[in-house]
Amino acid sequence: MSTEATTIPTTKSIRDRLKGYGNKGETYSDILTRIMDSIDKEEFMDRMYRRLEEKDQFVSLDDYESELNELQD
């Protein structure tokens, strides 16, 4: 993992909220890493798929394959 620092633009209110998740001596990188590590990736992906389905922007691979086969017939 690169240790090169970067700047992420955000509002002061978001910065202050993020600071509230930290412990004494933690950097913002430490806080963000801890938060991201605590999120179950599979649960996160399920949530993202549900959001896409709600917006009618998600097509499962099975549905895509079926539609493709229908077009080729």
List the longest stretch of the chain that has no exposed loop site; here a site is one of the chymotrypsin sites (Phe, Trp or Tyr not before Pro) assigned by DSSP to anything other than H, G, I, E or B, with at most 13 other Cβ within 10 Å. 22-57
Give the residue list of trypsin sites (Lys or Arg not before Pro) in the stretch 1-44 that are DSSP loop and have at most 14 other beta-carbon atoms within 10 angstrom. 24
Where the Cα atoms of the chain are projected onto their three principal axes, how long is each span, largest first, in whole Å? 63, 27, 23
Put +1 on the Cβ of each Lys and Arg and -1 on the Cβ of each Asp and Glu in the chain; which of 33, 20, 45 then has its Cα farthest toward the positive end of the dipole? 20
Across the stretch 61-73, in residue order, what do the Karplus-derived ³J(HN,Hα) couplings come to in whole Hz, using 6.51 cos²θ - 1.76 cosθ + 1.60 with θ = phi - 60° and x for Gly and Pro? 4, 4, 5, 4, 4, 4, 5, 5, 5, 5, 5, 7, 7
With θ taken as phi - 60° and the coefficients 6.51, -1.76 and 1.60, list the Karplus ³J(HN,Hα) couplings across the stretch 20-33 in order, rounded to whole Hz; mark glycine and proline as x. x, 7, x, 10, 3, x, 7, 7, 4, 4, 4, 5, 5, 4
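We did not get these values from a lab; they are worked out from the coordinates using the rules stated. Remember, it's a predicted structure, so these values are computed and weren't measured experimentally. FYI the Cβ positions are ideal-geometry reconstructions off the backbone, even for glycines, and counts take in every protein chain you see.
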